[in-house]
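These notes concern the structure reproduced below.
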Amino acid sequence: ARRGFGTLTLLRIAWPHRWWLYAGCGALLLRLPLSLSVPHWVAETIGALSEGDHASATRCIALLCAMGTGDALGDFWCIYLFGVAQQRIIRGLRLRLFGAIVRQDIGFFDTTPSGEIASRLTADCAEMANDLTWVFRFTIEAVVRLGSILLY
């Protein structure tokens, strides 16, 4: 029977590392409101300066700095947590693939170039894990940004 290689298969591969992915998603959800507020505070600062209200402009600049700093810290944790999840997924994929390669018949190694086997162990596993972690991040980010734009 042919096994599917769709979204459900990718989710099964990520399942052992779900807590890292959950933490990354949590950091992303905490960071996004800060990121989305930055243009608002820029506009408020420009508005206050154009009206000559320097006290309000100073307050808006302080809030802009606070939101920007919070966004940067949240982005660090988001990238770190998704990176840890990605590396753990890559390790698991490589171990499973290496185990499958070792269990092959000797004839497999006569017909399959060693470069192809090495490529599977290095580039293909990394690409698959990279796709999986970025799908989580960019899907959540797109949904939250779209929802925020519609609510604004």
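The values are calculated or read from the model by the stated rules, or taken from the named source; none is laboratory data. Note that the structure is a prediction, hence the values are computed from the model and not measured. Note that we place each Cβ from the backbone using ideal geometry, even for glycine, and neighbour counts take in every protein chain shown. In case anyone asks, the SASA skips ligands and DNA or RNA and just uses the protein heavy atoms, side chains included. Shrake-Rupley method; radii C 1.70, N 1.55, O 1.52, S 1.80 Å.
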Whole-number percent relative contact order across the chain, with pairs defined as alpha carbons under 8 Å at least 6 apart
35 percent
Could you compute Rg(Cα) / (2.2 N^0.38 Å) for the stretch 43-96, with N its residue count?
2.03
Please state the equivalent ellipsoid semi-axes for the chain: what are the square roots of 5 times the Cα gyration tensor eigenvalues, largest first, in whole Å?
48, 14, 12
Suppose accessible area is computed on protein heavy atoms with a 1.4 Å probe; arrange T69, T133, T112 from highest to lowest.
T69, T112, T133
Of the accessible area of the stretch 18-62, computed with a 1.4 Å probe and all protein chains kept, carbon and sulfur make up a percent value of 70 percent
When the chain is treated as a GNM, springs tying every alpha-carbon pair under 10 Å, which of G52, G92, G26 comes out with the largest mean-square fluctuation?
G52
Round to a whole number: what % of the accessible area of the stretch 77-142 belongs to carbon and sulfur, probe 1.4 Å?
63 percent
Per residue, how many Å² of accessible area does the chain show with a 1.4 Å probe?
66 Å²
Before rounding to the nearest 500, sum -39500 (n - 2.57) across all DSSP H runs of length at least 4 in the chain and divide by the residue total; then give [θ] at 222 nm in deg cm²/dmol.
-30000 deg cm²/dmol
Area of V84 that stays accessible when all protein chains are in place (1.4 Å probe, Å², to 10):
30 Å²
Can you list which of the trypsin sites (Lys or Arg not before Pro) found in the stretch 70-152 are DSSP loop residues with at most 14 other C-beta atoms within 10 Å?
R103
Under 11 Å, Cβ to Cβ, from L21 - net charge with Lys/Arg +1 and Asp/Glu -1:
+3
